[in-house]
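A.B. asks: This structure is in structure tokens; I'll ask about it shortly.
The values are calculated or read from the model by the stated rules, or taken from the named source; none is laboratory data. Just so you know, these numbers come straight off a predicted model, no measurement behind them. Please note: Cβ atoms are built from the backbone with ideal geometry, for glycine as well, and neighbour counts cover all protein chains shown.
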Amino acid sequence: VSTVAQPRLVPGATDPIQVARLLRDAHNGRCKVKLLGHGTTVGDGAGTPLSLAGLGRITRFQPDDLTISVQAGCPFPQLRAEVERHGLWLPFDPPDAGQRTVGGAFADGVAGALAFGAQHPRDLLLGLSGALADGTLFKTGSRVVKNVAGYDLPKLFVGSRGTLFAATELHLRLYPAPRVRVLIASEPLAREDAVRVLLALRRPPLRLAALTVLSVEGGKARVLAEVLGDAAVVAWLEARCAPLRRVEEPAAEELRAVRDRQSFLRSCTPGPACSGAVLPTRLPALLAAMPAGAEFALHGDGRFTVLGAELLDAAESLGGRATTAAGRRTALPAPVAALAAAIKQTFDPHGCLPGLWTNHQ
Amino acid sequence: MLGPAMSFLSELRAAFPRERVLTEPAQLLVYECDGYTLHKERPLAVVLAESTADVVRTVELCNRHGVPFVPRGAGTCLSGGPTPSPGAILIELARMNRILEVDPENGFAVVEPGVINLDLTRAVARHGLHYAPDPSSQAACTIGGNVAENSGGPHCFKYGMTTNHILGVEVVLPDGQVAQLGGPCGSDGYDLRGVFIGSEGTFGIATRIWVRLMPDPQEVRTFLAAFRSMEAACRSVSRIVASGLLPAALEILDDLTIKAVEASIYAAGYPQDAAAVLLVELDGLSAGMDDARDRILAICGEEGAISLEEARDPAARLRLWKGRKGAFGAMGRLNPDLYVLDGVVPRGELPATLAKVKEIARRYELTLSNVFHAGDGNLHPNISYDGRDPIVRARVLAAGSEILAHCVAVGGSITGEHGIGVEKLDHVTFMFTRDDLEVMERVRRVWNPRGLCNPGKVLPERSACREVAATPAGTFKALSGGLGL
């Protein structure tokens, strides 16, 4: 967009056609638009906010088929409550879930602690309807649990942070709710010991839904794990996860909140911070590269978030990756960068939506 | 053969040892189609690639000469994905079959695309690991082909499709550049790996693949329940899922399939007086397994199961699965050709859809049997026919088309795991509007701007998509004849 015109937009669409019209107006007028849900994550770049929070309905729910369709602006807690009311579960725990819309959470694509042993959000999005920057309404994927018809464009939405197109309706896969869910945690340990415990708890036959080392005061760290399943399974796992012990409610919920906040890069700002991933067996080496007072969350699958240091070089020298809150990182390899730029160009040729986003967790 | 093609072939021959470029008609015959035999096309040549460099060299040469190219693994695809496009060469990847790295501690392996699915699981078994996606063709199909098609299998009800188990891919892009999408630590930026998987070889050629390895379950229990009606088998599946259990597999075979299996080398001891058998597999920790088994057996009993068998040892488990995995092979007894359809419906629609499928088969006077992933609502109606009779072939295609139209009408999909290929080009519009297809076409042009990489697959050609829908049958033929085309 060479000249950024003042957008003639009425923020707050309430149906997909309105979203398409507003985007088309922006496209034709070469205006910048920023797609928002509840505004939990302030997107990059300038632009008139276009809120999708008015698209808030659950449009179809088939508990027997383990699927649900929901408009992008539906509050995440509302979706979660409706799903749980039917004994089902969406195994996705995005940061700040209580303040988010469903579309925003998937557009952000930041997986929570459950991505270790449950699901990544990319695996839960079956299909979507959306509007391109030029106002074209389209759908991709499907609303059944298994589908390979056409290209898998829903994957492009997860983590795109509103830079490619607006999703107006999402079709999601659900799972039966675990009968029992408990949080177990260690006492504060020397942080190297905590990482050793984490690596031990990754080994089969143990199967934990989430596994995290969380820094705590005094330069120490605690190991947290989510144990899910039938009572017999949970009891068996708990007995084999020493030195972790069950944390009763409401302390468990408070500890989960700390874990989720500490795992979320954008809640760590201001100050130097980064997030990324290394191979799990290289977490001890990553830990060694951290300053003594750093605040961090390390997950069993190698994902990490660190406040107080930008470990970009350390992560990359360990064969991993890292980004800061601003998305700064080593440039993507040329063919990959060219593909990403061409995809952005094809969806949003006038650059009305925010620019490329390179932090995909 | 035209001059430009001759020039291309002579350069191709010069680039590789003689035995790795096939051009003789007798050599090319076996490459005319994959498991979808209703469409055949002879390739211009076949290159037997042994490395990423071989693939790059071939793709660059194709680009210089404007020759289309099609990747191929073991040729087990069921939708014509690796069937040669007109004038195309095939790049055969089956020789790229090395397992390059196994990292049991971090739970992944790096493989070449020609590694056979089951060979990978066998190779990592000593670490207590396995590769979860298990298409019925897993003893023959390759990981590269699985990536191209986003293949499924009986166990994807619990463990997901191929896309859930691929961490990264090295790809030779359609212009010959090499890109790594994703990797064992995930990726930055847009999920290009996710879009590449399932692109049916139209976005490039995977030459190195990082796969997730899963720990073997502590215990596996397999059951077979036989029913006097298909409806009772389907109801059992719905009740098992509604009870909160998440079995590793829920598979149903109908009466015709049972009889074909039992008369074949895949005989598994299925009750031949049953209208349907339901194969259920539970896996996971031993704790709680007895309770889950009791719940499943109780549900099947309440739904009137006429027999219930639990595999008591690994040999019995293999036997129960032998019938399911060999079902497609067993169909060969019924007729010379087999058309394996692939459609998906919401699980609750299974009984009505199966009744509709039966009615369609009866109307078209076809032999049709059903083997399907009941947990996913993924149907595989199998039409056994004699392809030498063109009238029968036309009836087979028409019946298939009606079945897929019904799947979409009840909220499902025209394919759950086989892909579009060439088979379903005419059915894509059942699911997608012109705008939907145009968006996909835009993405294809990003990856494959010259259209040389596996052309004529996944999406109908743009002109065809726009014109055929509005053109009465036969008009195009008359017009093209009149214009001398």
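A.B. asks: Of all residues in the range A:54-68, which are surrounded by 21 or more Cβ atoms within 10 Å (Cβ to Cβ) and outside any helix (DSSP H, G or I)?
C.D. replies: Within the range A:54-68, A:Leu55, A:Leu66, A:Thr67, A:Ile68 qualify.
A.B. asks: Just to be sure before I move on: is B:Thr222 crowded, with 22+ Cβ neighbours inside 10 Å and more than 25 Å from B:Ala132 (Cβ to Cβ) in the structure I sent?
C.D. replies: Spelling it out, it is not the case that B:Thr222 is crowded, with 22+ Cβ neighbours inside 10 Å and more than 25 Å from B:Ala132 (Cβ to Cβ).
A.B. asks: Just checking, which of B:Ile252, B:Ile197 is buried (at least 24 other Cβ atoms within 10 Å of the Cβ), within 21 Å of the chain's Cα centre (by Cα) and within 17 Å of B:Asn370 (Cα to Cα)?
C.D. replies: Testing whether each residue is buried (at least 24 other Cβ atoms within 10 Å of the Cβ), within 21 Å of the chain's Cα centre (by Cα) and within 17 Å of B:Asn370 (Cα to Cα) leaves just B:Ile252.
A.B. asks: Need pairs with beta-carbon distance below 6 Å; first residue at the interface with chain A (Cβ under 8 Å from one of its Cβ atoms) and within the range B:417-437, second surrounded by fewer than 20 Cβ atoms within 10 Å (Cβ to Cβ) and modelled with pLDDT of 95 or more; sequence gap 6+ or separate chains.
C.D. replies: Final answer for the pair search is B:Asp435/A:Thr136.
A.B. asks: Follow-up question, since we're still on this one. Take the residues in the range A:196-219 that are free of Cβ contacts under 8 Å to residues at least 40 places away in the same chain and either assigned to a helix (DSSP H, G or I) or within 13 Å of chain B (Cβ to nearest Cβ) (or both), then tell me which one is farthest from A:Ala235 (Cα to Cα).
C.D. replies: A:Gly218
A.B. asks: Let me ask you something else. With the requirement that a residue be closer than 11 Å to B:Trp447 by Cα and either at the interface with another protein chain (Cβ under 8 Å from one of its Cβ atoms) or outside any helix (DSSP H, G or I) (or both), what does the range A:331-345 give you?
C.D. replies: A:Pro335, A:Val336, A:Leu339, A:Ala340, A:Ala342, A:Ile343
A.B. asks: Could you list, in sequence order, all residues of the range B:104-125 that are more than 21 Å from B:Gly204 (Cα to Cα), in a strand (DSSP E or B) and out of contact with any helix residue (DSSP H, G or I) (no Cβ under 8 Å at 6 or more places or on another chain)?
C.D. replies: Residue satisfying the conditions is B:Phe108 alone.
A.B. asks: To continue, here is another question. Determine which member of the set A:Glu226, A:Glu187, A:Glu192, A:Glu249 is of a type outside the set (Lys, Arg), free of Cβ contacts under 8 Å to residues at least 12 places away in the same chain and more than 14 Å from chain B (Cβ to nearest Cβ).
C.D. replies: A:Glu249
A.B. asks: Looking only at the range B:213-236, count every residue that is more than 10 Å from chain A (Cβ to nearest Cβ) and either within 26 Å of the chain's Cα centre (by Cα) or part of a helix (DSSP H, G or I) (or both) and tell me the total.
C.D. replies: Residues meeting the conditions: 12.
A.B. asks: Of the conditions (1) part of a helix (DSSP H, G or I); (2) over 24 Å from A:Asp96 (Cβ atoms), A:Val258 clears all except one; give me its number.
C.D. replies: Among (1) part of a helix (DSSP H, G or I); (2) over 24 Å from A:Asp96 (Cβ atoms), the lone unmet condition for A:Val258 is (2).
A.B. asks: From the list A:Arg143, A:Arg122, A:Arg161, which one is of a type outside the set (A, V, I, L, M, F, W, C), in a loop (DSSP other than H, G, I, E, B) and within 13 Å of the chain's Cα centre (by Cα)?
C.D. replies: Going through A:Arg143, A:Arg122, A:Arg161 in turn, the sole match is A:Arg161.
A.B. asks: Look at A:Phe157 and say whether it is modelled with pLDDT of 95 or more, aromatic (Phe, Trp, Tyr) and under 25 Å from B:Leu404 (Cα atoms).
C.D. replies: no
A.B. asks: Next up: If the requirement is being in contact with a strand residue (DSSP E or B) (Cβ under 7 Å, 6 or more places away or on another chain), within 14 Å of chain A (Cβ to nearest Cβ), closer than 24 Å to B:Ser137 by Cβ and not acidic (Asp, Glu), which of these qualifies: B:Val344, B:Val340?
C.D. replies: B:Val344
A.B. asks: Hey, could you check the range B:176-206 for residues that are out of contact with any Phe, Trp or Tyr (no Cβ under 8 Å at 6 or more places or on another chain) and farther than 20 Å from A:Tyr151 by Cα and say which is farthest from the other protein chains (Cβ to nearest Cβ)?
C.D. replies: The extreme case among them is B:Gly176.
A.B. asks: Would you point out which residue out of B:Glu359, B:Glu365, B:Glu402 is part of a loop (DSSP other than H, G, I, E, B), modelled with pLDDT of 95 or more and either of a type in the set (Asp, Glu) or buried (at least 24 other Cβ atoms within 10 Å of the Cβ) (or both)?
C.D. replies: Residue meeting the stated conditions: B:Glu365.
A.B. asks: Restricting the search to the range B:284-312, which residues are surrounded by fewer than 20 Cβ atoms within 10 Å (Cβ to Cβ) and assigned to a strand (DSSP E or B)?
C.D. replies: Result: B:Ser307, B:Leu308, B:Glu309, B:Glu310.
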